[in-house]
Every structure is written in structure tokens, then in C-alpha cells.
Amino acid sequence: MSAEAAAVSTDTGGASAPSHVAIIMDGNGRWAQQHGVSRSKGHRKGADAVREAIEGAVENGVEFLTLYAFSTENWNRPEDEVRDLMGLLRMYLKKEVRTLAKEGVRLQVIGRRDALSDDIRQMIEDAERRTEHNRRLTLIIALSYGSREELTLAAQNLAQRVAAGEINASDIDEKTFSAALYTNKLPDPDLIIRTSGEQRLSNFLMWQAAYSEFLFLPTLWPDFTRQIFAEAVEEFKNRDRRYGARP
Ligand code: FPP
């Protein structure tokens, strides 16, 4: 929803469940350390927790679930860890997509696709095509995603359209800007959860988070459960959202 639409929203909070929940899945490394296992094993457990989040979203009537799986900055991690994460992603796309398709989950990926390897890009396109008519839940995976990059690319795209005479500079407003983002057509997140006790946004959905509620949980991501998801939804229902308006 644009800030404009949000400002006139009559939903002043309470009662309703979030339509869109976004999660910064943090703490795989610390979980691994605490359990005396490799970081790679921590990420594998993290991938298992993704299922918990999906079930939690479905059980609580959430329509959109965005998961921050790999940031533009994550490319700077050691080569073997990047390889592990890409391997996990390959496995996930190969194994889980059938289940998602059966469950009525639509899969979409946001982020810089040209940074990904050809086979992963192909798998993503296939998965998106295969699940495009599903409506029970839309699962958005943020992959090679960075909010600053997304905003910069949107600005470039709009500048090119002005230079080509397709639009006037004065046509650029919140709506056209929003439409130039990866999240075009997706509603803004109502609730953003970050696990592992860290309290920052880390280049995630900065434009879209303008009126999101935030919830920082001490749980390390591999320990995340559908029960925790349900509790987060309950907490959200108690928040008073005013979108800058007076009560
Ligand atoms: C943060 O933990 C997590 C990541 C950088 C990767 C998230 C990936 C997954 C949960 C698994 C793969 C996902 C899918 C959708 C298949 P961290 O390594 O930064 O943990 P730390 O801060 O404790 O070191």
C-alpha cells in the first residue's frame, strides 16, 4: 500500500491478522556455534525452519510471506559459505517446489537475478511459472536482494523512461516509484520479524517498511516454529497502527 493510501486507511489496528509478514531469518551461524556444528549445518536447519514459517503463515491466514534468504552483502561471505547457501537453495527449489505447488503456494523471487547462476535462475523461473495460479499463500524469497540496489535500479529505470520521452519527470510519484521496485504489485509488509535478537533492517525492504510493525525475537532462526509465528501474529493484533494520523 502506498503511504498515501495508508494515511487514509481506517484500520486503526487491533483484531485483524497481518496480510503480509516479512522475516529477516537471522542466527543460523550462532545456532551452529551453540550446537558445536558447522555453519553449513546451521543453514540446513535454517532451511527446515522455512517450512515452519510457511505452515505458520497458512494457519494464520497470512496472504504474503517474504523471507530474506540472501542479501546483496551476503556475496561478501567466504566463498565456501556462499557455495553452501546456493547449494541449499538449489536443493530447496528442487525438492520443495512440488510441495508448494500441491499446497496452493505461489512462489516469487525478488532481487538481482543476473547475479545468480544460470541453473538457479532457470529453476526460479520454472517454479514461478508452475505456481503462478496458486492463491493460498504467496511466498516471496528475497535473493541477492538489497533495498538500496532496488531503489537505485528503480531510479535508473525511471530516469531512462524520462530520457526516452515516455514519461515526464513530474509523473514520478509514490505510485510510479513503487511500481518500479521488485515488489511491484505486492502489498507492503504489515509486520517485519527479525530473529536472533539483532535489531536492524539490514538493507531489507526500506521503502516498503515505511509503516510496518517490527518484532524482534531472541529466537535463533533454526529454532523458529509455527507456534512462534502464531504468537507474533497475536502480538501484531495488539499493535495500534495509526499511519501518522491522530487516534
Ligand atoms: C542469517 O544467519 C541467515 C542467512 C544469511 C541465510 C538465510 C538462509 C536460510 C535460512 C536457509 C536457506 C533459505 C531458503 C529459502 C532455502 P547468519 O549466518 O547471519 O547467522 P549469524 O548471524 O548467527 O552468524
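If you average 1/r across every pair of different Cα atoms in region 47-187 and take the reciprocal, what Kirkwood value do you get, in Å? Hydrodynamic radius (Kirkwood, Cα pairs) of region 47-187 is 16.5 Å. Each stretch of four or more DSSP H residues adds -39500 (n - 2.57); spread over every residue of the chain, this sum gives -14000 deg cm²/dmol at 222 nm. Ordering ALA155, LEU181, THR131 by Cα displacement along the dipole of region 42-189 toward the positive end leaves THR131 in first place; charges were set at the Cβ atoms of Lys, Arg (+1) and Asp, Glu (-1). In order along region 192-208, the Karplus-derived 3J(HN,Hα) couplings, from 6.51 cos²θ - 1.76 cosθ + 1.60 at θ = phi - 60°, round to 10, 10, 10, 8, 5, x, 6, 10, 8, 8, 6, 6, 10, 6, 5, 5, 6 Hz, and Gly and Pro are given as x. Simple point charges give the picture: +1 on the Cβ of Lys and Arg, -1 on the Cβ of Asp and Glu, and for the chain a dipole about the Cα centre of about 480 debye. Amide hydrogen proximity for ILE110: with H placed 1.01 Å from N in the peptide plane, the residues at 5 or more positions away or on another chain lying under 5 Å are ILE141, ALA142, LEU143. The phi-based Karplus calculation (6.51 cos²θ - 1.76 cosθ + 1.60; θ = phi - 60°) puts the 3J(HN,Hα) values of region 77-85 at 6, x, 3, 5, 6, 4, 4, 4, 5 Hz, whole numbers, x for Gly and Pro. A cut-off of 5 Å between modelled amide H atoms, ignoring neighbours fewer than 5 places along the same chain, links ILE192 with ALA22, GLU213, PHE214, LEU215. For the chain, a Gaussian network of Cα nodes joined below 10 Å ranks ALA115, ALA47, ALA209 by mean-square fluctuation, and the top entry is ALA115. As an equivalent ellipsoid, region 40-124 spans semi-axes of 23, 15, 13 angstrom, where each value is the square root of five times an eigenvalue of the C-alpha gyration tensor, largest first.
Build a GNM of the chain with springs between Cα atoms under 10 Å apart, and of LEU201, LEU191, LEU137 the one that fluctuates most is LEU201.
Beyond 31 Å in Cα-Cα separation lie the following of the pairs LYS45/LYS175; LYS45/LYS102; LYS102/LYS175; LYS41/LYS102; LYS102/LYS185; LYS94/LYS175: LYS45/LYS175; LYS102/LYS175; LYS94/LYS175. Note on the chain: Cα Rg divided by 2.2 N^0.38 Å, N the number of residues, gives 1.03. Extension gain for the segment ALA163 to ARG200, taken as residue separation times 0.36 nm less the Cα-Cα distance, is 9.7 nm to one decimal. Within the listed set THR176, THR72, THR195, the Gaussian network model of the chain (springs between alpha-carbon atoms below 10 Å) gives the highest mean-square fluctuation for THR176. Positive-end ranking of ILE23, MET91, GLN199 along the dipole of the chain, with charges on Cβ about the Cα centre, is headed by MET91. The translational diffusion coefficient of region 115-247, from Stokes-Einstein at 25 °C and 0.890 mPa s with a Kirkwood hydrodynamic radius over alpha carbon pairs, comes to 138 µm²/s.
Bear in mind that the values in this text are calculations on the coordinates, not laboratory data. The shown structure was predicted, so the numbers you read here are calculated from the model rather than taken from an experiment. Here the Cβ is made from the backbone with ideal geometry for all residues, glycine too, and neighbour counts use every protein chain on show.
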